[in-house]
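*Asks:* One structure is given below, represented as C-alpha cells, and several questions about it will come after.
The values are calculated or read from the model by the stated rules, or taken from the named source; none is laboratory data. Keep in mind that this is a model prediction, so the values were computed, not measured. In this analysis, Cβ positions are derived from the backbone assuming ideal geometry, glycine residues included, and neighbour counts consider all displayed protein chains.
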C-alpha cells in the first residue's frame, strides 16, 4: 500500500523498519495502551501539526507483549508498525539532539517519565552521548517528585562526568531542597561538585547558607561561607548577609562587625541584600550595648537609599530600652509611628516594662496603649497584664483595679493572664463577689483551665471558711482535666488543718504523693501545724524530719511550731539543735519565737543554753 503523500513523518536514523503491517490513510484519534513492561524505544512525531500519528516500535526479539494503538469507534483503522531490530553493525547511530529531545518529552508526562529515565540510562552507555542542560533540568524535577535521593545523587554525579551543569536557579533549588529534607551528606556532595563551576557556584552556596539558617544550623552556614572563601568562590552581598546572620544567631557579635568592615572595604556590588546586612549590624551593635553606633549606621543606610523596614525600629528601640535611654527610645517610637513602621508587640511590651521599672513613669504605660491604638494594634494580654500588675505594685491594688476597668471600657480585651491577675487582686483585698464575677466571665470566654485562677479562688474560699465550695471547685477542675498544683494543695491543707480535719489532711497529702506533686515549705508547715494543734507531736516530728531530709530550710514559722512541739515533749536537746540550725542558716528570731525559746530552756532548767540563746539571738 503506498504511503500517503499528504502525511509527513520524521524517522530518526536509528530506526530501519523491516516491515510495515498496515497504514490506514484516514486520520483518527488513537488511544495508546501500552503494557507496563513494553519497552518503548522511540516516539515518532509528525512534522505536520494538522494531524497526529504515533508509531510504536516493537522489537521482535523482546518477550514483552507489544503496545497497542486502539480507537474506540467500531470502524476505526489500526496503525501498527512492526520493526525487527537489525544487528548493531547494520544500525545507524542516532542523532544525539533527537535523543535528548526524546528523553525530555518522555519525562514531561507522568505516564512515561519512568521510561524516559530508562532511556536516559541506556543513552549514557553510548560514549558519544552528552545530556543537554535542559535534559538535566527534567531529570532533576523527575527525581525530586519521587523524593528519590539516591537518584538525585546519581544525577548529580553525572554533572561532573559530562561536565554539564544545570542553570543557577535549578542548582539553587536542588541544594536547598536537599538541606530542607535534611539530606546533608547529599547537599555537601552537590556543593563539592558545583564549587568548580563559576556560573552556578555562588548561587548554590548562598542557597545552602540560607537553608541552613532556616533550620537554625548556623555553624553549618558558617562552614559553607568559609568554604566559599577558601575556594575563591565569588562572594556577593547575599553571601555576607547570610554569614552575618548566622554569626548573629550564634552570639558572635564581634565577628559580625568584622565581616561588615570586610564587606565595606570590598568592591562588591551593592544590592537589596545590603538592607539585611545593615539590619544584622544594627542588632549586633545593640546587643553589644552600642545603640548609638547602631543608630548612626541606620541613618547612613537611609542616606545611601536602601529601604528601611519595621525590623530596624524594633531593634533600635529595644536597644535603647535595654540601657533605659528613654528620650531616644521615645523619639524613635514617634518616628516609627509617623512612618507606620512599627508592628512588633514585643517592642511595646519592652517599653511598658521600662516605664514600670522607672520611678514616677507608670502613667506613660497608658501612653503606650494610646500609641498602639493609633497604629491599629491590639493590646496583647501580656501588655495588659504588665500594666495592671505594675499599677498594683507601684500604686496599690485600687489603682490597678481602676486602670483595668478603664482599659476594658476603652475596648481592650483582657486575656487569660490579665483575668488571673485582676482576680488575684480582688481576692487579696477582699472583693470576693467581684472575684467570683471575673471567674465566671473567664469560664464563659473559654478560659476554664487556668490553674492560677483556680488557685486564687480556692485560697479565697479557704479564707472565708467556705470549705465545701473549695472542694466542689477542685472536683470541677479535675473534671475539666486541670491538674491541681502545689498552691492548691497548700490551700486545702491549710483550710482542713485549721478545723483539725486530720483525716482530710492525710487524704490530701497522699493524693499529692500519688500525683507526684512535690510538697514545699508551706505544705509541710501546714501539716505540722495541724498535727501540733491536735497534739499529735510524734506525727509532727515525723513530717519535720522528712522535710529536713529533703533539704528544707527552717524559717521562723517552722521554727516556732517545732520549738513548741519539742518544749511540750520536754526534748530540750532538740530545741537547742533546732536553734543552732536556724543560726547556721541565718534565720533570725522574732520577738515571739525568742521569748518562747527562752522560756522553754529556762523551764527545763538549762541555764547554759539559755545564756547561749541570749548571746546569740538577744537584742
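*Asks:* Going by what's in this entry, would residue 566 be described as surrounded by 15 or more Cβ atoms within 10 Å (Cβ to Cβ), at pLDDT 95 or above and either at positive phi or more than 39 Å from the chain's Cα centre (by Cα) (or both)? Spell out the reasoning first.
*Replies:* Numbers: surrounded by 15 or more Cβ atoms within 10 Å (Cβ to Cβ): yes; at pLDDT 95 or above: no; either at positive phi or more than 39 Å from the chain's Cα centre (by Cα) (or both): yes.
The answer is no for residue 566.
Matching residues to (1) modelled with pLDDT under 95; (2) touching a helix residue (DSSP H, G or I) at 6+ places or on another chain (Cβ under 8 Å); (3) in a helix (DSSP H, G or I):
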position: 85; (1), (2), (3): yes, no, no
position: 89; (1), (2), (3): yes, no, no
position: 102; (1), (2), (3): yes, yes, yes
position: 105; (1), (2), (3): yes, yes, yes
position: 114; (1), (2), (3): yes, no, yes
position: 129; (1), (2), (3): yes, yes, no
position: 142; (1), (2), (3): yes, yes, yes
position: 176; (1), (2), (3): no, yes, yes
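*Asks:* Do we have any residue at all in region 374-395 that's over 24 Å from residue 425 (Cβ atoms) and assigned to a helix (DSSP H, G or I)? Show your work before the answer.
*Replies:* Taking region 374-395 and keeping what is over 24 Å from residue 425 (Cβ atoms), we get 374-377.
Of the ones still in play, those that are also assigned to a helix (DSSP H, G or I) are 374.
The answer is yes; a qualifying residue exists.
*Asks:* So, in region 157-173, of the ones that are assigned to a helix (DSSP H, G or I) and in contact with a helix residue (DSSP H, G or I) (Cβ under 6 Å, 6 or more places away or on another chain), which residue ends up nearest to residue 225 (Cα to Cα)?
*Replies:* Initial filter on region 157-173 (assigned to a helix (DSSP H, G or I)): 157-162, 168-173.
The next check asks that each one be in contact with a helix residue (DSSP H, G or I) (Cβ under 6 Å, 6 or more places away or on another chain); those that pass are 159-160, 168, 170-172.
Details: 159: 23, 160: 22, 168: 18, 170: 20, 171: 17, 172: 15 Å.
If we take residues in region 157-173 being assigned to a helix (DSSP H, G or I) and in contact with a helix residue (DSSP H, G or I) (Cβ under 6 Å, 6 or more places away or on another chain), then 172 is nearest to residue 225 (Cα to Cα).
*Asks:* Do any residues in region 204-223 that are at positive phi have Cβ atoms under 9 Å from those of residues that are part of a helix (DSSP H, G or I), where the two are at least six apart or on different chains, and which pairs are they?
*Replies:* Going by the 9 Å Cβ cut-off, the qualifying pairs are 216/249.
*Asks:* Kindly indicate which of 360, 406, 448 is over 32 Å from the mean Cα position of the chain (by Cα) and assigned to a loop (DSSP other than H, G, I, E, B).
*Replies:* Working: 406 fails: assigned to a loop (DSSP other than H, G, I, E, B); 448 fails: over 32 Å from the mean Cα position of the chain (by Cα).
Result: 360 is the single residue among 360, 406, 448 that is over 32 Å from the mean Cα position of the chain (by Cα) and assigned to a loop (DSSP other than H, G, I, E, B).
*Asks:* I've got another one for you. Scan (1) within 30 Å of residue 418 (Cβ to Cβ); (2) at pLDDT below 95; (3) buried (at least 17 other Cβ atoms within 10 Å of the Cβ) for the single condition residue 478 breaks and write down its number.
*Replies:* Only one criterion is unmet by residue 478, namely (3).
*Asks:* Would you call residue 271 free of Cβ contacts under 8 Å to residues at least 24 places away in the same chain, surrounded by fewer than 18 Cβ atoms within 10 Å (Cβ to Cβ), touching a helix residue (DSSP H, G or I) at 6+ places or on another chain (Cβ under 7 Å) and closer than 17 Å to residue 239 by Cα? I'd like the intermediate steps shown before the answer.
*Replies:* Numbers: free of Cβ contacts under 8 Å to residues at least 24 places away in the same chain: no; surrounded by fewer than 18 Cβ atoms within 10 Å (Cβ to Cβ): yes; touching a helix residue (DSSP H, G or I) at 6+ places or on another chain (Cβ under 7 Å): yes; closer than 17 Å to residue 239 by Cα: yes.
In short, no.
*Asks:* I've got another one for you. Restricting to region 184-219, name every residue that is outside any helix (DSSP H, G or I), more than 19 Å from residue 137 (Cβ to Cβ) and at pLDDT below 95.
*Replies:* From region 184-219, those outside any helix (DSSP H, G or I) are 195-197, 215-217; that's our starting set.
Filter again for more than 19 Å from residue 137 (Cβ to Cβ), leaving 195-196, 215-217.
195, 196, listed by residue number.
*Asks:* Residue 465 passes all but one of (1) modelled with pLDDT of 95 or more; (2) under 28 Å from residue 397 (Cα atoms); which number fails?
*Replies:* Status for residue 465: all satisfied but (1).
*Asks:* To continue, here is another question. Which residues, counting only those in region 451-472, are out of contact with any helix residue (DSSP H, G or I) (no Cβ under 6 Å at 6 or more places or on another chain) and either within 20 Å of residue 418 (Cα to Cα) or part of a helix (DSSP H, G or I) (or both)?
*Replies:* Just the residues of region 451-472 that are out of contact with any helix residue (DSSP H, G or I) (no Cβ under 6 Å at 6 or more places or on another chain), to begin with: 451, 463-466, 468, 471-472.
Within region 451-472, 451, 463, 468, 471, 472 qualify.
*Asks:* Just to be sure, is residue 489 more than 39 Å from the chain's Cα centre (by Cα), closer than 28 Å to residue 421 by Cα, buried (at least 16 other Cβ atoms within 10 Å of the Cβ) and at pLDDT 95 or above?
*Replies:* So residue 489 fails the test.
*Asks:* May I pose another question? Considering only residues that are over 13 Å from residue 177 (Cα atoms) and within 17 Å of the chain's Cα centre (by Cα), look in region 197-216 and name the one that is surrounded by the most Cβ atoms within 10 Å (Cβ to Cβ).
*Replies:* 213
*Asks:* Working only within region 274-291, note down all residues that are surrounded by 14 or more Cβ atoms within 10 Å (Cβ to Cβ) and farther than 17 Å from residue 239 by Cβ. Break it down stepwise before answering.
*Replies:* First, the residues of region 274-291 that are surrounded by 14 or more Cβ atoms within 10 Å (Cβ to Cβ): 274-288, 290-291.
Result: 282, 283, 284, 285, 286, 287, 288, 290, 291.
*Asks:* Sticking with this one: Please report, ordered by residue number, the helices (runs of 4 or more DSSP H) entirely within region 268-351 with at least 2 residues that are within 23 Å of residue 364 (Cα to Cα), under 27 Å from the mean Cα position of the chain (by Cα) and at pLDDT below 95.
*Replies:* Values: elements: 273-287, 291-303, 310-322, 326-339.
Per the criteria, 310-322.
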